[in-house]
Structures are given as structure tokens and as C-alpha cells.
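The values are calculated or read from the model by the stated rules, or taken from the named source; none is laboratory data. Remember, predicted model here, so these are calculated numbers, not experimental data. Backbone-built Cβ (ideal geometry, glycine too); neighbour counts: all protein chains shown. For accessibility, only protein heavy atoms count, side chains too; no ligands or nucleic acids. Shrake-Rupley method; radii C 1.70, N 1.55, O 1.52, S 1.80 Å.
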Amino acid sequence: MQLPLSLRVALLALFSNKLRAALTMLGVVIGVAAVVSLMSIGRGAQAQITEQVQSLGTNLLFITPGQQRQQGNVRSGAGGAQTLSWSDAQAIQDELGGNLLTAVVAERQIGGAQLIASGQNLQTRVIGVSPGYDSVRNYPVAAGSFITDTHMEQRARVIVLGSGVTQKLFGDGDPLDQNVRVSTSGRTGAQMRVIGVLEPKGGSLQNLDDQAFVPFTTVGARLAPSRTPQAAEMVSSITVSVADEKLIDDAIQQISSLIRQRHRVAEDDFVISSQRDFLQSLNQITALFTAFLGAIAGISLVVGGIGIMNIMLVSVTERTREIGIRKAVGARARDILSQFLVEAVVVSLAGGLTGIGVGIGISRLVSQLDLGGRAIPSIVAPDAALLAFTVSAAVGLFFGIYPAMRAARLNPIEALRYE
Amino acid sequence: MHLLHSSATTVLADAKGGEVDASPLDGSQNWSSTPVEPTGNSPELEGAHHPDGAAQPVLRLRGLTKVYHVGDVDVHALRGVDLDVYTGEFLAIMGPSGSGKSTLMNMIGCLDQPTAGTYELDGIQTSQLNEDQLAAVRNRKIGFVFQMFNLLPRVSAVEQVELPLIYAGVKDRRKRALAALDRLGVGNRARHKPSELSGGQQQRVAIARALVMEPTIIMADEPTGNLDTRSSEELMELLQELNRESGITIVLVTHESDIAAHTRRVVEVRDGRVVNDRAVGSVIEASAVLASLPPPE
């Protein structure tokens, strides 16, 4: 019995009980749709994160304060409680700037700052940065300008706003040259003039539009809780841009030895991480996450398969007499086997195709949802759809084989006598 | 002439019956010495009865034995059956329930294999065939007509008839199926499903399905079992017509003696043996019975 014919027989059997076929299919539809949509959303998130990280360039190094050993009589290095200081950044720039490093910028985050302007009140992150931070970290300025060396020297009371902050404080109005009052815990606050607005960036890890930048020196002078000269020097991270990606390992080594020398420590009190490492581990995490989502969705596909098996077993019992007739008129065991197998595979493949469609629909829908200004991107990966399709065919085969074998093994005499 | 031939086989069956009584297994071994007699006799009889001069019986059963194991008990359903059926015969296998007639029909229909003994169908030794080969024999040599006709639900008449052709891998199935339906006078109902057909039309579709492969024999298993008198007679008329006009060999299993009386030879089975094999003295003509029945309202 050639395939097109057994296909026709299977379709006939399915169409004779449409509701049941549809319900059986539904299990597979849900399973495949779940796999496809979750994988698409996972892939989308992964791509977005990767793109964000990559937009900074893969030749960046981040130097952050490391763990400090206070036990025994290990001395803490220069910089007091925080191990990295502005002078470290200066030293890196002076010693290694030029050929090896194209840019060195420092930043200091102030948590829980409050911005007040035009009667609006906003709790957000304020970061003190050195000039050039915008280009190193890829924050294009939409209007106005970024912080300059002059602002640094003057500890100027100027501020550059992220697009989200601008929107919340000024709405559609022009924020340039407006005053924003920035207050932090422990300081009464200072009026700052808006000199620039950044382009929207979005962000999956943290919202990069909900922050504001001030000159690094301004933080020490006007915003930081402690006013000691040491405290004013503290940086929360130094970002350096390496001239060439190939020089990254070299740069890490030279910066490490420089800081070690300056801090006079045996054990590193700082951590240097490269954008490359970051990207790698990030990719690992998101890939794991996507696979995990897919696996959970895969479970529902198995449940759908069990549904097929269940219905096929019922169908074999119901059609015992039919099987008897077919055997009496000359059907061999393999004819009966292929008939029921084709039926199971048709159900699961039809369910798989529908599921792919539904899954694509769901992921499109989700990516259009606006979740507080942030969209969940989705990428329908053809390989995920192909995988789901193949898996659903395999599910049909796997869960169809047992009922089909039972049908094929039926004794024609008993099958004919079956009431 | 036909009477003569039939009584010859009766004698054989009786003789075998006596032998088998002592030991059913011996029967199956001994037959090799005895069958010379009927085959020796048959040619003349056959030649006389069948103008085409077919010498070999189309069905040839020797010492056919079937033992079922039910738990620890052996049930002897058949205890050595010898039977010859020649082309063009129309015979009824009769017997009460438990007589082994259903088992015999399963053996003849190649639905089951005997425990011992041999069965030759149209020159094919069936006892050595595997399941797939048996399926092929059923497909090509035997046309089944079941009780209630056993049509597939929700499948059109023409597709019912196509079924054996499908498993035979035959081309132009549609054409042949339609021809078979036409032959039975239901060509105009080809697209109808069983639920849209009258009882009589269902009978005809079932017979068309049995005939479409041009089988060696037609096996009818209690075909009138659930039918009223009129439908029974209509079916029997159809079978008589086919036998008489097309010379098709028909083996009919029934427990109704008035149905058996429509055939030309009755083989009675009891306790797994053939106890009586006789020609029907006066064959009941279904057409005559139908004429005498009050017309359907």
C-alpha cells in the first residue's frame, strides 16, 4: 500500500471524527506553539542583549574595586574603603594612554538621588563621569553637549539627562538650560543646569535611559555624602578602551601590574573584566535560559504525544472490526501498521504546523506588547520551527507505534467477531 | 451426475470419519494413502460434471485438525476433516454452535492455520504459509461475505469495493470497483455510504467487494444471520444466480437448514468431524420463494 493511499485512508479516518482529531491535535499545537514562542522570545532577548553589549565595542575593559581583605594584618591599599580612586585612573591614562589605550574614563555612581524639576520629582541613578565617557560607553547625545574638561575643572553644576529622565521631568518640553535640583541623602542638594539630552537606548539588563550624568568632580564636591578628599577621589569603575582587540590580554596585564604597584598589595584588590568575557558569559546565560524555556515547553509536547497515544489506542479498539475486515480482504500486518502510524503522524504533523503558526503569532504579539516602555523582542528562529516540526513528527511516530502495533497484531478472527 | 460425485465424497468423508475417530492425529498421517481413491475417481466425475474438465478439487482438506489451548485444557475444535470441493460447486457447511463449523470456515478462509493436516486451495499448500502469504491468499483467492456484510462505516460503496484492490496493489482500482458494482446492479450507488444504502444494496456492495478480485471461492459466513425472510431470499437469489450463471464456487456457512437447502450440497459438521455430506435433493429456488412472498408494503 503506497503512501498517498494510506494518507488518504488516514485523512478519511480523521475527518470522520473531526472534534476528536482536533482535540488530539490541540495537545501538539500547544506544545509546539510553546516551544516556538518561548524559543523566539528567548532568542530575541539574547540578540538584544548581545547587540547592546556589542554596540559598546568588544575592546573595552572594566576595572572595578575588588574584595578587600581586612583580616589579619593585611593592610588595605590606597583609596581607603573603596580601593579604586581617581588617581588610579589618572595613572593608567598617564602610563598606558596613547598606543595601548585610546581612552580612560572613570565613573562614580550615586544611588538614590532625587531629581526635581518643573514640579516633577524623580528618584533615579546619577553617575559622575569623566569627559569622553559618552563615546567610550556609546551614549550618543541627542541635543546639547556632553560633559567637558572645563566642567570637570570647575566642578560645574551641569547635568546630562537620559531620555527617560527627560521624558519624566519635562514631558515634551525643551529641557536644555533648565534647572534640575539634585539631592542625595546627607546633602541638601544642588541646582544643576541641563546641558545635554541623550538618545534613547533601552536596555534589557537595566534601563539605560533612566539615569543622569554629572561631571565626576561635581559628585565629590556637591553630591557625595562624605566630603573628605579621599572620599571625593573614589570611583566605582574605570573603563578603558584598548586600541586593538588583540592587545586586550596585554592591556589587562599592564593595568594589573600598574595598580598592584600603586596599591602595594600582594593580592589584587580590584577586578578587570573585559567586554569579551562579559559577552561570553552573557551568551552562555541567555542560551541556557532559552534552552531551559524550550525544555519546559518540550514537556508539554510530550504530554501532547501521550494524548495522541491515548486517542490512537481508543481508535484501535473502536475500529477492531474494521481492522478485521481489512485483514480478511488481504491487508497484511504492515498495511494496518502503516495505516495507524500514518494517522498518528498526520495528527501530530498537522498539530505541529498549526503550532508553529500559533507560536509565531504569539511571539509577534508579545514583541508588540509595551511593558513599561520596554518591548520584549522576539526572533522566530527557522531552526526552532524546524526542530518543533521534526519533534512533533517524531512524537507522532513514537507515540503512534504502540497503538499501531496493537492494531497490526490483532487476530483477524477475533477482530471480525468483535462487537 | 452431480449426485454421483457428491455421494462419492460422502463415502470418503464417512470413511475418514471412522478412521479419525480412533486417533485424530493418525487421520492426518494416513490420508496420504487414501486420497488416491477420490482423485482417481474424480476425473471422470468431474469431466462429466464440469465441461472444462478440471481434474483437481479447488479445495482439498485432508485430516484437518485444530486444537485450541484454553488454559490447561485442549479443546479439539476439528478432529480430522477431509473435504473436496470442485469448481462451480455451491455448498453449505452446517452444524450447531460448537460443532467446529466456524473453525472450519476460518481454516477454509485462511484466517487461521490448522494444528495438523493439510489444506490445498487452488493448488496452494496453505499450511506452510506465513501470515503475510496467508493475507495474500485471502486477498486473491477468497471473497468474504460476512454476517451484517461488515461494510466499513462512513466509506463510500466504491471505496468499499476498492479495498481488496488496494491491498493487492492493483492499478485502475476505481474502474474495476465500478465494474463490480455495475455487475451487481448497484453502480448508481457508488458514491453512497452504507448508512445511505438499503439492506439489499448493502448486500450487493458486500458481494461486489467479495467478487472484485475474481477469487477462486466465495466464503459466506452466516450471511443471512440477521436478515428477515425477504432479504435472506434476495441474498440467496443473488448467490444462486452468481453460481449458476458465472460458475462461481461458493461455500456458505449456516445453521439454518432452509438456507442450506438453497445450495446444492450440504456438509454437516458435528464435534469437529464431517458427519454427513449429501447432495440437496430438491434445491429451493429463491426466486420462486420471493414470488410467493407477499409484496413489501
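Within segment A:148-259, considering only strands (runs of 3 or more DSSP E) that don't extend past its boundaries, which have at least 1 residues that are touching a helix residue (DSSP H, G or I) at 6+ places or on another chain (Cβ under 6 Å)?
Fully inside segment A:148-259 and qualifying: A:158-161, A:190-198, A:211-215, A:237-242.
If you go through segment B:173-189 and keep only what is within 14 Å of chain A (Cβ to nearest Cβ) and more than 22 Å from A:Arg332 (Cβ to Cβ), you end up with B:Arg174, B:Ala180.
In the set (1) more than 14 Å from every other protein chain (Cβ to nearest Cβ); (2) closer than 28 Å to A:Ile299 by Cα; (3) open to solvent by less than 20 Å² (accessible area, probe 1.4 Å), the condition left unmet by A:Ala21 is number (1).
Residue count for segment A:26-58 under the criterion of being at pLDDT 85 or above and not in a helix (DSSP H, G or I): the result is 0. Checking segment A:269-280 against the condition returns no match, with no residue being assigned to a helix (DSSP H, G or I), at pLDDT 90 or above and not hydrophobic (A, V, I, L, M, F, W, C). Residues in segment B:203-226 that are touching a helix residue (DSSP H, G or I) at 6+ places or on another chain (Cβ under 7 Å) and part of a loop (DSSP other than H, G, I, E, B): B:Val212, B:Met213, B:Pro215, B:Thr216, B:Pro223, B:Thr224. Only one entry of A:Ile299, A:Ile306, A:Ile248 meets the criterion of being touching a Ser or Thr at 6+ places or on another chain (Cβ under 9 Å) and modelled with pLDDT of 85 or more, and that entry is A:Ile248.
Can you work out which of the residues in segment A:236-264 that are free of Cβ contacts under 8 Å to residues at least 12 places away in the same chain and among the polar types (S, T, N, Q) is least open to solvent (accessible area, probe 1.4 Å)?
Top of the filtered list is A:Ser257.
B:Phe149 meets all of the listed conditions (1) at the interface with chain A (Cβ under 9 Å from one of its Cβ atoms); (2) crowded, with 20+ Cβ neighbours inside 10 Å but one, namely (1). Every condition in (1) more than 14 Å from chain A (Cβ to nearest Cβ); (2) surrounded by fewer than 19 Cβ atoms within 10 Å (Cβ to Cβ); (3) more than 21 Å from A:Ala10 (Cα to Cα); (4) of a type outside the set (A, V, I, L, M) holds for B:His192 except the one numbered (3). Filtering segment A:316-364 to residues that are of a type in the set (Gly, Ala, Ser), over 19 Å from B:Leu111 (Cβ atoms) and open to solvent by 10 Å² or more (accessible area, probe 1.4 Å) leaves A:Ser338, A:Ala350, A:Gly357, A:Gly361. Total residues in segment A:296-318 satisfying the condition of being under 16 Å from A:Ala21 (Cβ atoms) and either touching a helix residue (DSSP H, G or I) at 6+ places or on another chain (Cβ under 8 Å) or away from chain B (no Cβ under 14 Å) (or both): the figure is 12. Take the conditions (1) farther than 25 Å from A:Ala21 by Cβ; (2) in contact (Cβ under 8 Å) with a residue 60 or more places away in the chain; (3) buried (at least 22 other Cβ atoms within 10 Å of the Cβ); (4) β-branched (Val, Ile, Thr); A:Ile379 misses just one of them, which is (3).
Let's see how each residue does on (1) out of contact with any strand residue (DSSP E or B) (no Cβ under 7 Å at 6 or more places or on another chain); (2) among the aliphatic types (A, V, I, L, M):
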site	(1), (2)
B:Leu239	no, yes
B:Glu256	yes, no
B:His262	yes, no
B:Arg265	no, no
B:Arg270	yes, no
B:Val274	no, yes
B:Arg278	no, no
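Take A:Arg155 and tell me if it is open to solvent by less than 70 Å² (accessible area, probe 1.4 Å), in contact with a strand residue (DSSP E or B) (Cβ under 7 Å, 6 or more places away or on another chain) and of a type in the set (D, E, K, R). Spelling it out, it is not the case that A:Arg155 is open to solvent by less than 70 Å² (accessible area, probe 1.4 Å), in contact with a strand residue (DSSP E or B) (Cβ under 7 Å, 6 or more places away or on another chain) and of a type in the set (D, E, K, R).
Which residues, taken from segment A:405-419, are crowded, with 23+ Cβ neighbours inside 10 Å and either free of Cβ contacts under 8 Å to residues at least 40 places away in the same chain or more than 12 Å from chain B (Cβ to nearest Cβ) (or both)? Correct list: A:Ala407 only.
Filtering segment B:228-275 to residues that are surrounded by fewer than 16 Cβ atoms within 10 Å (Cβ to Cβ) and either polar (S, T, N, Q) or touching a Phe, Trp or Tyr at 6+ places or on another chain (Cβ under 7 Å) (or both) leaves B:Thr229, B:Ser246, B:Ser257.
Scan segment B:215-226 and tell me whether some residue there is farther than 25 Å from B:Val137 by Cβ, open to solvent by 60 Å² or more (accessible area, probe 1.4 Å) and either in contact (Cβ under 8 Å) with a residue 12 or more places away in the chain or within 14 Å of chain A (Cβ to nearest Cβ) (or both). Yes, there is a match, as at least one residue in segment B:215-226 is farther than 25 Å from B:Val137 by Cβ, open to solvent by 60 Å² or more (accessible area, probe 1.4 Å) and either in contact (Cβ under 8 Å) with a residue 12 or more places away in the chain or within 14 Å of chain A (Cβ to nearest Cβ) (or both). Within segment A:394-403, the presence of at least one residue that is in contact with a Phe, Trp or Tyr (Cβ under 7 Å, 6 or more places away or on another chain), away from chain B (no Cβ under 14 Å) and not charged (D, E, K, R) is confirmed.
Could you please find all residues in segment A:234-251 being under 24 Å from A:Gly128 (Cα atoms) and more than 27 Å from the chain's Cα centre (by Cα)?
A:Met234, A:Val235
When you check B:Ala168 against the structure, is it within 14 Å of chain A (Cβ to nearest Cβ), open to solvent by less than 50 Å² (accessible area, probe 1.4 Å) and within 20 Å of the chain's Cα centre (by Cα), yes or no? Judged against the criteria, B:Ala168 is not a match.
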